[in-house]
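Each remark here refers to the structure printed beneath this line.
The values are calculated or read from the model by the stated rules, or taken from the named source; none is laboratory data. Since the structure is predicted, the reported quantities are computational estimates derived from the model, not experimental observations. Quick reminder, even Gly has a Cβ in these numbers, built from the backbone with ideal geometry, and neighbours come from all protein chains shown.
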Amino acid sequence: MRTQRRLRVGVLLTLAAVVLLVLPAFFGIRAISSDPVFASLDKLSVPGWAAQDVEDQASNSRWCFLDCRFRERMAVSEKPFAETAKAYTGALTDAGWTQWKVADCPETAIDKEEGSYTCWRRDELTLDLYVSLPGCAVEQVTLAEGTEDAAPKECDGSTVSIKVQNTVMDQRGKADTNPGLVGVQPDAVLPTDDPLLDPTPEAS
């Protein structure tokens, strides 16, 4: 009887340890490893042909320790950039993003025949969406410049680039954050008739 009781107590303690320690640790590590921004991008209602070969990269701290996290997603679309950009624009709007027209978006001018660049805002985040010609098209242009007789190969689709950062780290649209000295009053000029400024007479 004592052995059975000890066995039951041991089983109950083991189960309690699993419930109180192991499971919370497992879900905690899982929550830390998963990025909510990438998860929200996964939920965008874009068609499958517009999100092929997705690659995600992230840098800096998720909790804005020293620098806030910077996220970038690259994807391949099977259709031209105009149709692809339209699909992503509609998906971002449906997800609550608002198009943001601000200076330096983009930093350099984009040829309308080669791509589409738009900026977006939602909550504490900003997002840059750049849909451009596919990589094979860029390679063909480079080869054509060096070889006049090079025949263009079949090249369809487009490339999707999404960059997301925290608003506090995005300086676009903000006033100069380092304007220098502001509101410093110049030193007062003493009146010329102040007797303290008159030279002390020399003794005769």
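Annotation for the range 30-42: no member residue is part of a loop (DSSP other than H, G, I, E, B), touching a residue at least 40 places away in the same chain (Cβ under 8 Å) and either surrounded by 10 or more Cβ atoms within 10 Å (Cβ to Cβ) or touching a Phe, Trp or Tyr at 6+ places or on another chain (Cβ under 8 Å) (or both). Taking the range 91-114 as the range and being more than 18 Å from GLN171 (Cα to Cα) and in a loop (DSSP other than H, G, I, E, B) as the test, the residues that pass are ALA95, GLY96, TRP97, ALA109, ILE110, ASP111, LYS112, GLU113, GLU114. Condition (residue is surrounded by 15 or more Cβ atoms within 10 Å (Cβ to Cβ), polar (S, T, N, Q) and either out of contact with any Phe, Trp or Tyr (no Cβ under 6 Å at 6 or more places or on another chain) or in a loop (DSSP other than H, G, I, E, B) (or both)) applied to the range 81-89: is it met by at least one residue? Yes, there is a match, as at least one residue in the range 81-89 is surrounded by 15 or more Cβ atoms within 10 Å (Cβ to Cβ), polar (S, T, N, Q) and either out of contact with any Phe, Trp or Tyr (no Cβ under 6 Å at 6 or more places or on another chain) or in a loop (DSSP other than H, G, I, E, B) (or both). One residue is enough: does the range 61-69 have a residue meeting the conditions touching a helix residue (DSSP H, G or I) at 6+ places or on another chain (Cβ under 6 Å), under 25 Å from ALA175 (Cα atoms) and assigned by TED's automatic domain parsing to the domain that holds PRO134? Checked against the condition, which is being touching a helix residue (DSSP H, G or I) at 6+ places or on another chain (Cβ under 6 Å), under 25 Å from ALA175 (Cα atoms) and assigned by TED's automatic domain parsing to the domain that holds PRO134, the range 61-69 yields at least one hit.
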